[in-house]
Structures are given as structure tokens and as C-alpha cells.
Amino acid sequence: MRCLILSCLILSCLAGSGCVSKQTMSLSSFRGLCLASGGEKTSSCFSMDICYPLADLLEKEPGSLGRCLDICRDYAASLAQGSVMNQCASMVNMAQNQCIKYCRINYEP
């Protein structure tokens, strides 16, 4: 019982002092998730055309959660009109969702 209490105490001290590493998402993982997440696949809608430019924007190190989320929002907005016209709306939405996930994992305070 004493061992269990001691173990819990050590773990709580490590967690409180920042010794436990924070999970992050690499840009490579973002690209893979973005490409594999689906959406409709039409002759004019390719996930590479949506995911790679977005990853390039994220590669410039947004620096903060707010700026990262702005990149996601602005990129999706820039594609919104065209995505309705060429039936890529769900692909753009999926890429934006993966982008938001990337930001929250990497820049959450």
C-alpha cells in the first residue's frame, strides 16, 4: 500500500512539474491524417491539392494557438467558394478540422 501511495505521489509531482512530455502532432502526421481522412473524391477534388498547401502554411510556425487557428479558418474561407462549385466542400471541411486538431495539440496552453 505504501508503494502505491509513493508511486502516485511521484507521478503527481512529475505531472505538476512538467516532467511528463506533452503530446504533439508533426506536420508529417498532419499531412497523413488530412490525406486519409476522406471526403468526396471527384475528378476536380484531390486531397493533395487541399492538404499540402495547408501544411505549407502551418510549416511557417504560427507561434500561437490563435494564429494557428486563424490560418485554418482563413485557408478554408479562401477555398469556400470554389469548393462549393467543384463539390469539394466536405474535403475542405475535413482539412480544416484536421488543421484545428493540429493547432490544439501543438499550441494549447
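Close contacts from region 45-60, counting a first residue that is free of Cβ contacts under 8 Å to residues at least 12 places away in the same chain and a second that is outside any helix (DSSP H, G or I) and surrounded by 19 or more Cβ atoms within 10 Å (Cβ to Cβ), with Cβ to Cβ under 9 Å and a gap of 6+ residues or different chains, come to F46/C88; D49/C88.
Determine whether region 53-60 contains at least one residue that is touching a Lys or Arg at 6+ places or on another chain (Cβ under 7 Å) and either in a helix (DSSP H, G or I) or within 19 Å of S28 (Cα to Cα) (or both).
Yes; the residues of region 53-60 include at least one that is touching a Lys or Arg at 6+ places or on another chain (Cβ under 7 Å) and either in a helix (DSSP H, G or I) or within 19 Å of S28 (Cα to Cα) (or both).
Considering region 35-75, the residues that are within 15 Å of Q96 (Cβ to Cβ) and among the polar types (S, T, N, Q) include one that is modelled with the highest pLDDT, namely S47. Scanning region 64-109 for residues that are in a helix (DSSP H, G or I) and of a type in the set (D, E) returns D70, D74. Of the residues making up region 7-34, those that are at pLDDT below 65 and either polar (S, T, N, Q) or in a helix (DSSP H, G or I) (or both) are S7, C8, L9, I10, L11, S12, C13, L14, A15, G16, S17.
The values are calculated or read from the model by the stated rules, or taken from the named source; none is laboratory data. Keep in mind that this is a model prediction, so the values were computed, not measured. Note that each Cβ is placed from the backbone with ideal geometry, even for glycine, and that neighbours are counted across all protein chains shown.
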